[in-house]
Amino acid sequence: MKGLITAVHRDRYEVEVEKEQIYAKLKTGVYYSDKYAEAFPTVGDYVELEYNTMGDSLITATMERKTCFTRKDPDDGQGEQTIAANFDYVFIMMSLNRDFNLKRLERYLTVAWQSGAQPVVVLTKADLAEDVAEKVLLAQSSTIGADVCAVSAVTGQGMDALSKYLQAGRVIVFLGSSGVGKSTFTNFLAGDAVMQTNGIREDDSRGHHTTTYRQMVTLPSGVRIIDTPGMRELGMWTVDDGIEQSFSDIGELIMRCRFSDCSHGNEPGCAVREALENGTLQESRWLNYLKLQKESGFQKMKAHQNEIRMKKLEARKKCEESGKGAEKNQI
């Protein structure tokens, strides 16, 4: 049978099968075997499973994804962790209090573009901020190709601007730090308290973690929402495509440099240096671009090293098995 992963717990999954919610676990012989290369499923994944009416069913395969959101695995810092899959939009949520941070916004936007889905910047708690218009303009300057909407899930301010994304059958994934109001936002859209909410700490405007595991919520409108645990630090994996989309303005400047190998230092005809000097490119944006480029390149190198290491281990294992087979034949 086929099902849709709607929640991920430590070693157990909630799966929707023909409008019924069941529990399932991974089939050990498939997901923990060197013979297969199945991707571990996450929220939003469609999977094949062996249905069991008497207990947990067994997930036997992860179907191909159209989009997916990944980050550096926080447990070991080495591999890639998939957070959500098969969504249409990424709502990058950032509150208009002290959580507002353009560098973090650019980082989230880069990963969102890398996922293959359309990012939308949602600035929450507009009812509590006095400089909403100013911060919207600042966000727009850093989010080329993505809409920026300032909203309040308490008063309903600005929510109509999101209606074109909130269509039946669409899947939306939320990204943002804890305390930005993701749960309150979801409850507003659902018209009911479907998710637990907590207040923010008065001393630093930071929130408590309310979502403890990845889950999918289906709203009465037919919109599906994937909520993720709040992440203060987003450890990126390789995001070359995302950087290209997020910093397309810088990419255009680089193309206009006189020399194709321009280091953007003191070379004549450097369009980047000229933009920095006349103020059309903010130095903070340029430095963040360089930082993300360096981080993505480092992760790419690590991924390549891990691939080489795995191939060596596989080759060694085959040699050992071949040796054992030859010894057995001699006996």
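All of the numbers you see were taken from the coordinates with simple rules; none came from a lab. The structure presented is a predicted model; accordingly, all values stated were derived computationally and were not measured. Cβ placement follows ideal geometry from the backbone for every residue including glycine, while neighbour counts extend to all protein chains displayed.
Per-structure values
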quantity: Peptides 101-107, 146-152 ordered by average Cβ neighbours within 10 Å, highest first; calculated: 146-152, 101-107
quantity: Three-way shape label, segment 119-161, alpha-carbon gyration tensor, a/c 1.5; calculated: oblate
quantity: Fully extended contour minus Cα-Cα distance, from MET63 to GLU252, at 0.36 nm per residue; calculated: 64.3 nm
quantity: Sites MET54 and GLN21, calculated FRET efficiency, Cβ-Cβ separation with R0 22 Å, nearest 0.05; calculated: 0.85
quantity: Simple label model, 7 Å out from Cα along Cβ direction - PHE40 to ASP160, nm; calculated: 4.5 nm
quantity: Cross-link pairs beyond the 20 Å C-alpha cut-off, checked among LYS19/LYS164; LYS66/LYS291; LYS103/LYS291; calculated: LYS19/LYS164; LYS66/LYS291
quantity: Under the Debye formula (equal points on every Cα, no solvent term), log10 I(q)/I(0) of segment 2-62 at q = 0.15, 0.18, 0.22 Å⁻¹; calculated: -0.37, -0.53, -0.80
quantity: Ordering of 245-254, 156-165 by burial proxy (mean other Cβ atoms within 10 Å per residue, highest first); calculated: 245-254, 156-165
quantity: For segment 16-146, alpha-carbon Rg and Dmax in angstrom; calculated: 19.3, 58
quantity: Spin-label pair SER221/SER141, simplified geometry with 7 Å Cα→Cβ offset, distance in nm; calculated: 3.2 nm
quantity: Order by protection proxy (mean Cβ within 10 Å, highest first), peptides 167-180, 283-296; calculated: 167-180, 283-296
quantity: At most 15 other Cβ within 10 Å, DSSP loop - chymotrypsin sites (Phe, Trp or Tyr not before Pro), segment 1-45; calculated: TYR32, TYR36
quantity: Calculated FRET value between LEU128 and MET1, using beta carbons and R₀ = 45 Å, to 0.05; calculated: 0.45
